[in-house]
1. Would you kindly calculate the mean projected area, averaged across all directions, of the convex hull enclosing the Cα atoms of the range A:1-57, in square nanometres?
2. Just the number please: accessible area per residue for the protein assembly as shown, 1.4 Å probe, all protein chains included, in Å².
3. Summing both sides, how much accessible area is buried between A and B? Use a 1.4 Å probe and give Å² to the nearest 100.
4. Once you charge only the Cβ atoms, +1 for Lys and Arg and -1 for Asp and Glu, what is the size of the charge dipole of the protein assembly as shown about its Cα centre, to the nearest 20 debye?
5. Counting each pair of different Cα atoms once, what's the Kirkwood radius of the protein assembly as shown in Å, rounded to one decimal?
6. Rounded to the nearest 500, what is the 222 nm mean residue ellipticity of the protein assembly as shown from helices alone, with -39500 (n - 2.57) per DSSP H run of 4+ residues and division by all residues?
7. Determine the sum of side-chain charges near B:Ile10: Lys and Arg each +1, Asp and Glu each -1, restricted to other residues whose C-beta is under 14 angstrom from that of B:Ile10.
8. Probe 1.4 Å, all protein chains in place: accessible area of B:His146 in Å², nearest 10?
Amino acid sequence: MSQVIVVTSGKGGVGKTTSAAAVATGLAMKGKKVCVIDFDVGLRNLDLIMGVERRVVFDFINVINDGIRLHQALIKDKRVEGLYILPTSQTRDKDALSREGVERVIEELRQEFDYVICDSPAGIEKGAYMALYFADEAIVVTNPEVSSVRDSDRILGILNSKSRRAERGEPPMKQHLLLTRYDLDRVAKGEMLKLEDVLEILAIPVLGVIPQDDMVLQCSNLGLPVVLEPKSTAGQAYMDAVRRLLGETVELRFTTPPKKSFVNWLLRRTA
Amino acid sequence: MQTVLSLRLIAPGDPEFFALLRDKIAHNPDFFRDAPVVLDLAPVADATPIDLEAFTSELRRLRLVPVGVQNAGPAWQAAARSAGLAQLGPGGQPGTANPTTRPEPLRQRPTAPPRGAGLVIAEPVRGGQQVSCPDGDLTVLAPVGHGAELVAAGHIHVYGPLRGRAFAGANGDERAMIFCDQLEAELVSIAGIYLVSEDLDPRLRGKRVRVWCDGERLSIGPVP
Ligand SMILES: Nc1ncnc2c1ncn2[C@@H]1O[C@H](COP(=O)(O)OP(=O)(O)OP(=O)(O)O)[C@@H](O)[C@H]1O
Ligand SMILES: [Mg+2]
């Protein structure tokens, strides 16, 4: 059965697009057929992070409004089998997202894909609302800081009251916390919130904790979803999250400072 | 629901009055911005009226919206009329202005408080959500997030952390109380009298407490 998952946050710049690209790519690497959709109309950058920006001909908005067929707009990833990108328009605005149009596209994608991942824009306006409305599950991307946690709490309220499932009185959307840009040094110094503090406020299950990792930016400059870079700790953590999404039990990593290795210890003694 | 604030005038002529008020507003500007305000004149009923016109224009400068007075004696009623303020009854409802009788004493308890069946909420109340129970007690069996709002005519019970705002006795019932497992509230209010987070005793933070109205002010104490 096809699952529609929204990647959302309320607050901007927390890592939604990075996460949507990583999770979609990771699911495809696990053999699933996946489509990732950019709902950030006017500020498209999913195609950049996925490295397909030079192959965009038609987009999501054309499919909704201009009689373009879905298959003319879907871009097939060249690196991972079963991975497709539905880019958005850079020139139109979010009013081009009609509810009926979004519904038609999502229903069509459900017929063909195991997972439909919706990359939400920031904020709580129309684009964000459309991205979450038809979802079965939500990945709430949060950074370990107070403002981000509060916005996530707000989004959780909206997921529970404004989604189609809520309006129809269906079972509530499954919600997952993805805590990203987790910087152990700053958490240790008390400059950022600990995982436990965030959980205590949001009270939803953890899908993953993604460490702060400079390789994320390098990868996005190269158009490489970070899970395709095995050296990246963030990529490894995203891959763990994907396995949890698929039902595996995987222990959390990168949530405690790495143990000092024996060599380090020796060096310190002789220094 | 629109919350109407009740500003109890104890020493409106005090030179410090507006400075103190401005301080209070600075702690929670979003809450006070353009908030309708009723001036409760009970504490000064017997004093000589001040120039309410000048007083209200000062309030407007602080972005409050004075709408009326309550518990005004005859002299104050005249002052209120010329300042364009409505006369409201002691509970905040439009009153029957009767200049020949003294206003009802403030401490008088309503004889039959409004109490309906109440409302029980089992899911977390998230930031931005408002739950209101216009005719009874409101009970929440889950956390109440920052920026969430609870409004009840009667008591409010939160079996979990209370991080948002709670307005008990919203129709003016001063016997209403707020109970919570973990006090982290942004604001607690009973019958329009409120305390903001800044005013809460830090020793009570995170504790299981009861909030009640103790005459002119709110008291907070541990639940045994
Ligand atoms: N784990 C990480 N480590 C370091 N940098 C990160 C990490 N995750 C995201 N970033 C950086 O944070 C910035 C914002 O990321 P991204 O564009 O994914 O956020 P977004 O939530 O989609 O933003 P918007 O709200 O604008 O859509 C980017 O520069 C990205 O490289
Ligand atoms: Mg984005």
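The values are calculated or read from the model by the stated rules, or taken from the named source; none is laboratory data. These figures come from a predicted structure and were not determined experimentally. All Cβ positions, even for glycine, are placed from backbone atoms using ideal geometry, and neighbour counts span all protein chains on display. Keep in mind that these areas ignore ligands, DNA and RNA; they rest on the heavy atoms of the full protein, side chains included. Shrake-Rupley method; radii C 1.70, N 1.55, O 1.52, S 1.80 Å.
1. 4.7 nm²
2. Heavy-atom accessible area per residue stands at 47 Å².
3. Adding both sides of the contact gives about 900 Å².
4. Values: 59 positive and 62 negative charges, 209 e Å.
In total the dipole reaches around 1000 debye.
5. Evaluated on the protein assembly as shown, it is 25.8 Å.
6. Values: 17 runs with 148 residues, N = 495.
Computed mean residue ellipticity for the protein assembly as shown: -8500 deg cm²/dmol.
7. Values: positive: B:Arg8, B:Lys24, B:Arg217; negative: B:Asp14, B:Glu16, B:Asp40, B:Asp46, B:Glu216.
Net charge in that neighbourhood comes out at -2.
8. 40 Å²
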